[in-house]
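Below is one structure; the comments refer to it alone.
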Amino acid sequence: METETLLLNMGPVHPSTHGVLRFKLRMDGEIIRDCQVVVGYLHRGTEKLGEMKTYLQFVPYTDRLDYIAAMPNNYSYVKAVEELAGIEVPLRAEYIRVLVMELNRIVNHLVFMGSLLLDLGASTMIMYGFREREKALQLYESLCGARMTFNYIRPGGVREDLPDGFIPKLREFIKDMEKRIPDYEDLINGNEIFLMRMKNIGVINAEEAINSGMTGPSLRGSGVDYDIRKVEPYSIYPDLDFKACMRSECDSLARYLVRVDEMRESLHILEQIADTMPEGKFINQRYGMAPTTGAPTAVMSFFPRIFTPRAGEVYSRIEAPKGELGFYVASDGTTKPYRVKIRSPSFCNLVALPKMVAGLKIPDLIAAFGTIDVVLGDVDR
Amino acid sequence: MWTGDKMITNPNAYDLIVAILNAIGVYNIILGFFQDLGMEYILRVIIVLVIIAVLLVFVLLTVMFLSWLERKMFAVVQSRYGPMVTGPRGLFQPIADGIKLLGKEDIIPAKADRWIFTLAPFVVFVSVLLVFIPLPFGRSLIVSDLKVGLLYIIAISAVTPISILLAGWASNNKYSLMGAIRAVAQDISYTIPLAITAIAVVVFVGSLSTVDIVNAQSGYWFGFIPKWFIFLQPLGFILFLIACIAEMGRIPFDFQESEQELVAGFFTEYSGMKFAMFFLAEYAHLFAVSGIIVTIFLGGWTGPALPFIPFELTSLIYFMIKTYAVIFFAMWLRDTVPRVRIDQLLNLGWKIMIPLALLNLLLAAFVVTAGVI
Amino acid sequence: MNPAEELKNALPNSVLSVGIQTNKPLAVIKKEDMLKVAAKVRDMGFDNLSVITGVDCVDRIEVIYNFFSYKKKQNLALKVVLDRSSPEIDSVVSIWKVADWLERETYDLVGIKFNGHPDLMRILLPEGWIGYPLRKDYDMKTEQFVTIGEDGEDIVSTDGSNLLRGQ
């Protein structure tokens, strides 16, 4: 029988494109013959904004990239600036930074689990995920007053010190999460339908994944033992005991399981930080902002809000929850960056998607897309 | 055993109303009044209209309650509250929703086929409503005890995919079309095991009448195990349950409207009252199919008679309890499991369910011919 | 010996100079030899192309490639200096697939043409957008309006006349 292919335009407004992404699909019945990803609907010109703001002013804009997990964005940019300007950071500040970033990794993966299961049609997990996420967000709120867009990490340290009773509350959260993760595994991992939908779907082997620029948990699901926290250790990660989670099945299920394991590792890291949090300054007093409360006003004058790194360029990257988040910052010796380039994990991970889903069906596209875990703010910048 | 020409029909709702009127002593007066006019048939029409009205009101109230129940259950499973503001514990939420839907603009897409687009939701709703006719809610509480009740139910259920196809095609939307095609593929592949497992029960009963099926399930084995077909046909029950959930199009088999893939499937383009019709049909269908499961496998309205209460009432209560148990199961399923893929569903239907259903039928035939039961 | 020097030894004619990009080795290469160098870089084990950055330096345009080797755990940055009036360079999509989108993005925002790219069109901005936003002389005063045409294509105008379509 003669049939013709159907051009299906999924998105930019569609329930499971996680924002404003658009797939141009050439369908043969239910089977995807060709998938083209169209992005750019959330482009806000962040890189151009970076050229027009001072180094400190640009920090809040980084929050808006990956708004599910904003702390690593803050940190990645600040790390680039610090490397460029040679700013030293007190040890306590580094501990706080890693604390908030690992907490954000858990938050990100909770949202990931929820939205993935929602994409597959099981709507309960997202509520469970959000319930636990809420506790983490309250921790953030007590820390910096914001729940999603923090503007917390500054060149030279962090904006404010930990509030009283933060560590006990953190321990409570850890204890709670340690009980919850097995719950989720009970709900999801043993579900035959879930396994049917995830196993051998969206397979991409290690070589192709690397070639397509995949990073982070998605890459580790393809059996590449690669975690920037391990291979290019930054901050206090060399002192911490954790392992890079990895699976070698290369399919959607592997990418999912890697993230569940990562949540456990992050909890382990948080525990260590809670045990060993050093005393000291939370910000290098030569650089950064004054604390809003509690600090002697005299030191205000020591804190330049505007500083000029030497002319030069840096590409600095960290392991964000979604993958390699890099900032290229070029300075021309003025108070504003000459050029800011954001290498966002979501953007590069999407390159591999058409390859992963060719020949599969629409529901598989949704599942595979869900396991890549993109945030459109991060893709379009 | 099938006798071929059973003359005594089982009592239905019409007879019940007549009996009630007789019991309070007004039936003969009214009948006399109409006989004097020479228009006896008018009384019959009135009684039938009353039955229809009661059925419609019942279905509407059930749909409202079910939509509330579903949201509430969903909320409890997800550790939320669910609707709380309108009425006691949000009980009037469905009414508010209904008013909202009434007030919505009724949009017909410019390139849609207007007539079919308008017709489709009504066809869906009517076809679902017709399923209620041979459904025994209790002893004598049945609109009409058709001799081919089971066949009728299966036949009417097969109208639903046609109306879904109408809706999907007329919308002139790719998502709608794909949803409709999925719905048809799914319904065809699941009506077959559904019918075969139902036939296995008919082999035992020897009648297609739903009331006969229920009557065959009254009594006990060894004095305590109720003679429900679920115990006689456990495999058949599981197959029938799966096929029914697929037929209803609920998670894990809700392909016709799988919202993460096809936005809303065949009713993507519908709004306002037309959407409400689909909504009504969906929940009415849920109740009807659960009722059918109860009738065929869970003993229908049978149960121990209570003293001083007419069995018509207790049987209704038994039926409701059982039906809501099945509905509860369907809702619970929706809250917990993800959706399977369309090809996996069709594989399950054709490669596993149909052979098993045939095996089940064979076993039933063996048991009956060997005279075990 | 760091990878940049290694590259210099292997291809002395293509590598103009070696330097450092704040703790990462950097090699400045000739733009004509881009593909040759890229093949060599791949053979040296740099299987991951992290990012492509285009920088408008007013008198010239620089393209910076950041590589990472999963096998050797090494970094390498390549810099190519392009003529600002007609910035063109060979595409490396054939070697690193991720370059597909990275080059499109660079083309979109900085206006560098990648010769040999299979599908070089704008990625973040709508097709037909006027100017390249990350150029230093980009006109930020003029508003640009985007709507979707009959066949789903993007229509850009500066006076907003396309917004009145259908009225």
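The values are calculated or read from the model by the stated rules, or taken from the named source; none is laboratory data. Values in this document were obtained by computation on a predicted structure and should not be read as measured data. Counting neighbours? That spans all protein chains shown, and the Cβs are built from the backbone with ideal geometry, glycine included.
Brief remarks follow.
- Condition check for B:ILE352: surrounded by fewer than 23 Cβ atoms within 10 Å (Cβ to Cβ), within 14 Å of chain A (Cβ to nearest Cβ) and over 30 Å from A:GLY114 (Cβ atoms): yes
- Considering residues of segment B:102-126 that are crowded, with 21+ Cβ neighbours inside 10 Å and not aromatic (Phe, Trp, Tyr) only, the residue nearest to B:ASN12 (Cα to Cα): B:VAL124
- Among residues of segment B:235-282 being hydroxyl-bearing (Ser, Thr, Tyr) and crowded, with 24+ Cβ neighbours inside 10 Å, the one that is nearest to the other protein chains (Cβ to nearest Cβ) is B:SER258.
- Given (1) surrounded by fewer than 21 Cβ atoms within 10 Å (Cβ to Cβ); (2) under 19 Å from B:GLU282 (Cα atoms), number of the condition B:LEU141 does not satisfy: (2)
- Some residue of segment C:90-101 being basic (Lys, Arg) and in contact with a strand residue (DSSP E or B) (Cβ under 8 Å, 6 or more places away or on another chain): no
- For segment A:106-117, the set of residues classified as over 18 Å from B:TRP332 (Cβ atoms) and surrounded by 21 or more Cβ atoms within 10 Å (Cβ to Cβ) consists of A:ILE106, A:VAL107, A:ASN108, A:HIS109, A:LEU110, A:PHE112, A:MET113, A:GLY114, A:LEU116, listed by residue number.
- Every residue from segment B:156-183 that is within 14 Å of chain A (Cβ to nearest Cβ) and closer than 17 Å to B:GLU282 by Cβ: B:GLY168, B:SER176, B:GLY179, B:ALA180, B:ARG182, B:ALA183
- Members of segment B:325-334 that are buried (at least 18 other Cβ atoms within 10 Å of the Cβ) and either more than 18 Å from the chain's Cα centre (by Cα) or more than 14 Å from chain A (Cβ to nearest Cβ) (or both): B:VAL326, B:ILE327, B:ALA330
- Taken over segment A:330-353, the criterion of being more than 10 Å from chain C (Cβ to nearest Cβ) and part of a helix (DSSP H, G or I) is satisfied by A:PRO345, A:SER346, A:LEU353.
- Residues considered: A:PHE327, A:PHE369. Of these, the only one that is more than 9 Å from chain C (Cβ to nearest Cβ), modelled with pLDDT of 85 or more, under 22 Å from the mean Cα position of the chain (by Cα) and over 21 Å from A:LEU25 (Cβ atoms) is A:PHE327.
- Filtered by the rule that a residue be part of a helix (DSSP H, G or I) and either small (Gly, Ala, Ser) or at pLDDT 90 or above (or both), segment C:98-117 gives a lone residue, C:ALA99.
- Selected residue [within 14 Å of another protein chain (Cβ to nearest Cβ) and either under 19 Å from the mean Cα position of the chain (by Cα) or without any contact (Cβ under 8 Å) to a residue 40 or more places away in the chain (or both)] from B:GLY149, B:GLY90, B:GLY82: B:GLY82
- Inter-residue pairs, beta-carbon under 8 Å, first more than 7 Å from every other protein chain (Cβ to nearest Cβ) and without any contact (Cβ under 8 Å) to a residue 12 or more places away in the chain and in segment A:119-135, second of a type outside the set (A, V, I, L, M, F, W, C) and not in a helix (DSSP H, G or I), 6+ apart: A:SER123/B:GLN78
- Condition check for A:LEU56: hydrophobic (A, V, I, L, M, F, W, C), touching a residue at least 60 places away in the same chain (Cβ under 8 Å) and in contact with a helix residue (DSSP H, G or I) (Cβ under 8 Å, 6 or more places away or on another chain): no
- Answer residue from segment C:46-83, given it is surrounded by fewer than 17 Cβ atoms within 10 Å (Cβ to Cβ) and assigned to a loop (DSSP other than H, G, I, E, B) and is nearest to the other protein chains (Cβ to nearest Cβ) among those: C:LYS73
- Annotation: of all residues in segment A:174-200 being without any contact (Cβ under 8 Å) to a residue 60 or more places away in the chain and within 25 Å of the chain's Cα centre (by Cα), the one that is surrounded by the most Cβ atoms within 10 Å (Cβ to Cβ) is A:ARG180.
- Subset of segment A:192-228 (residues that are within 13 Å of chain C (Cβ to nearest Cβ), in a helix (DSSP H, G or I) and within 30 Å of A:ARG92 (Cβ to Cβ)): A:GLY216, A:ILE228
- Answer residue from segment B:228-250, given it is modelled with pLDDT of 80 or more and outside any helix (DSSP H, G or I) and is farthest from B:GLU312 (Cα to Cα) among those: B:GLN233
- A count restricted to segment C:138-155 and to residues that are surrounded by 10 or more Cβ atoms within 10 Å (Cβ to Cβ) and not hydrophobic (A, V, I, L, M, F, W, C) stands at 9.
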